[in-house]
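Take a look at the structure below.
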Amino acid sequence: MGAKEGAVSPHSREESLCIFGTGDLGRSLGHRLFQSGYRVVYGSRRPDSCGPVPQGVLNHAEAAQSSRIIFLCINREHYSFLQALAPQLNGKVLVDVSNNPEKDMFPEANAVYLQRLLPEAYVVKALNTLSAWGLQNGPSDANRQTFICGDSAEAKQAVSEVCTRLGLLVLDRGGVGASRELEDFPLQLFPMWKLPMRIAVGLSGAFFFYLLIRDVIYTYVYEGKDVSFRILVSLANKVFPIVSLIMLALCYLPGVMAALLQLHRGTKYRRFPDWLDRWMLCRKQMGLVALALASLHVLYTLIIPIRYYVRYRIGAGIISQALKNQTTEFFNILAWRTDSYYSMGVLGFALFILLGITSLPSVSNALSWREFSFIQSKLGYVTLFLCTLHGYLYGWDKFLHLYSYKWYTLPGYMLSLVVPTVVLGLKLLLLLPCVDRRLTRIRRGWEHTPQDPSVQKLLI
């Protein structure tokens, strides 16, 4: 490959680029290249029936002779015709932008297969993680990041210069053998969201059936009342805050567990278990799911006054008091409780929104690491505390009354407070001066080394 690499040199600003393929991706890429100052030549099997494109369309052989760099915007199943163009493609840089509809459709990656078909060409995998829409709208509206791999350093440099002029950030992933990984990137469906969504769905289903038994079935069995209409609003408005609070606590639980593990080991240089690593990597997504559920709780709470059932109960209560010539006594303690309950909820939700906003890349990139850590860590624990206090104020003294334990089961709000309370308690333990000093030393590189038993005996 050493003799071949000498034939590839960085293209000049005036050199034209070639694109094989006049589909959506080829047209969008040509449009972006043309806007960036390049001359673009298309190669097509039907040059006379391609419709409007940024510049001229030639057959494949003629187009290949016009440029050192050729972008292959065609699918793998159409690569076979390239073998007949080997004389025109030898020594050229072939940029493979293809993807497959499914993983492991073929025994080898598309770029590897292309390199085997044309061993005298320089195959570079690039731009396959960008869509036609993203290319057409530019890097301000699409992902600026693109990966690149290939066996020729000079070929990758030439393609990187083109990508840089398109406003993209190029990340080199090594040789052409890495193209399998690059081709799998676009096929991933929310990889970091799978665990948070599974937890959210699992908790929501479990608490829904748990509260359905307590609030609907219990009432029907013991009181003979059909309150199934409460499923859509009342029951949902209990499930959403319960799951949201637990998932918010689960965002901070792995950090506490990691700190306790470092304290136990006496070092920061040992890897965490794989399950803890995966848990910590998806904390952002877990927090956003929790924020979505909290937002639903707020919306459901706002519609409570306009519900038919609530308006009926209020109207019936007023009429009953009027007929009996009675008035309800005002309880100052109850007023304090309800106002405190709503106040903690509002403050907690406001900080929750702040956490969600600062997790957006466009916002977090404008923050320093200290600012980001202050918001996501310190204010995050304040948010968890306020939301947990909101739950305690909601329960107030209900735990003292037997009617709260239907069929000897705990109310849903009590179950939702277990994990947040544990997390806050462990965090307070880590904030103790003696514990915090040791943890800080460990995270600054200090390691606990057990003394030799013979030395310990002498010290005793």
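No lab work stands behind these numbers, since they all come straight from the coordinates. Just so you know, these numbers come straight off a predicted model, no measurement behind them. When we count neighbours, we look across all protein chains shown, and the Cβ atoms used for this are built from the backbone with ideal geometry, even at glycine.
Distance between the modelled labels on Phe81 and Ile318, one decimal in nanometres: 7.8 nm (7 Å Cα→Cβ projection).
Pull out the extension gain between Tyr222 and Phe399, defined as 0.36 nm times the separation in residues minus the alpha carbon to alpha carbon distance; nm, one decimal.
Details: separation 177, 0.36 × 177 = 63.72 nm, distance 2.08 nm.
In short, 61.6 nm is gained.
Here the 3J(HN,Hα) profile of the stretch 402-413, calculated from phi with Karplus coefficients 6.51, -1.76 and 1.60 at θ = phi - 60°, is 5, 5, 6, 9, 5, 6, 6, 10, 7, x, x, 5 Hz, Gly and Pro shown as x.
Take the Cα of Trp133, go 7 Å toward its beta carbon, and the backbone nitrogen atoms of the stretch 178-202 under 19 Å from that spot belong to 185-191.
Only bridges with both residues in the chain count here: give the DSSP antiparallel percent, nearest 5. Counting DSSP beta bridges with both partners in the chain, the antiparallel share is about 10 percent.
Viscosity 1.002 mPa s, temperature 20 °C: give me the Stokes-Einstein translational D for the chain in µm²/s, with Rh taken as the Kirkwood radius over C-alpha pairs.
Roughly 77 µm²/s, to the nearest whole number.
Assigning unit charges at the beta carbon (Lys, Arg +1; Asp, Glu -1) and nothing else, what dipole magnitude in debye, to the nearest 20, does the stretch 236-296 show about its Cα centre?
On the way: 8 positive and 2 negative charges, 39 e Å.
About 180 debye.
Compute the FRET efficiency between Arg116 and Ser295 as 1/(1 + (r/R0)^6), taking r as their Cβ-Cβ distance and R0 = 60 Å, and round to the nearest 0.05.
Numbers: r = 52 Å, r/R0 = 0.87.
The pair Arg116/Ser295 has a calculated efficiency of 0.70.
Can you compute the helix-only [θ] at 222 nm over the chain? Use -39500 (n - 2.57) per DSSP H run of at least 4 residues, normalise by all residues, nearest 500 deg cm²/dmol. Could the numbers behind the result be given before it?
Numbers: 22 runs with 245 residues, N = 460.
Calculated at 222 nm, the ellipticity per residue is -16000 deg cm²/dmol.
From the alpha carbon centroid of the stretch 359-431 to that of the stretch 141-192 is 41 Å. For the chain, the membrane-span-like helix rule (DSSP H, alpha carbon extent of at least 27 Å along the helix axis, mean Kyte-Doolittle at least 1.6) picks out no helix; this says nothing about an actual membrane. Between the listed residues Leu432, Pro101, Ala155, the Cα displaced farthest toward the positive end of the dipole of the chain, a dipole computed from Cβ unit charges relative to the Cα centre, is found at Leu432. Under a point spin-label approximation (7 Å from Cα along Cα-to-Cβ), what is the Gln65-Met280 distance to one decimal in nm? A separation of 6.0 nm, rounded to one decimal place.
With the simple spin-label model, which puts each label point 7 Å out from Cα in the Cβ direction, the Tyr342 to Gln326 separation comes to 2.5 nm.
Out of all DSSP beta bridges in the stretch 96-218, what portion is antiparallel? Express it as a percent rounded to 5. Restricted to the stretch 96-218, the bridges split so that about 40 percent are antiparallel. Between the amide H of Val41 and those of Leu17, Cys18, Ile19, distances stay under 5 Å, these residues lying 5 or more places away or on another chain, with hydrogens modeled in the peptide plane.
Excluding same-chain neighbours fewer than eight residues apart, the lysines reachable from Lys284 by a Cα-Cα span under 23 Å are Lys194, Lys268, Lys378, Lys427. Taking amide H as placed 1.01 Å from N in the peptide plane, the amide H of Val95 sits under 5 Å from that of Ile70, Phe71, Leu72, Val124, each at least 5 places away or on another chain. Over the stretch 196-443, how many percent of alpha carbon pairs lie in each 5 Å bin up to the one with the longest distance? Values per bin, smallest distances first: 1, 5, 10, 14, 17, 16, 12, 9, 6, 4, 3, 2, 1, 0, 0, 0.
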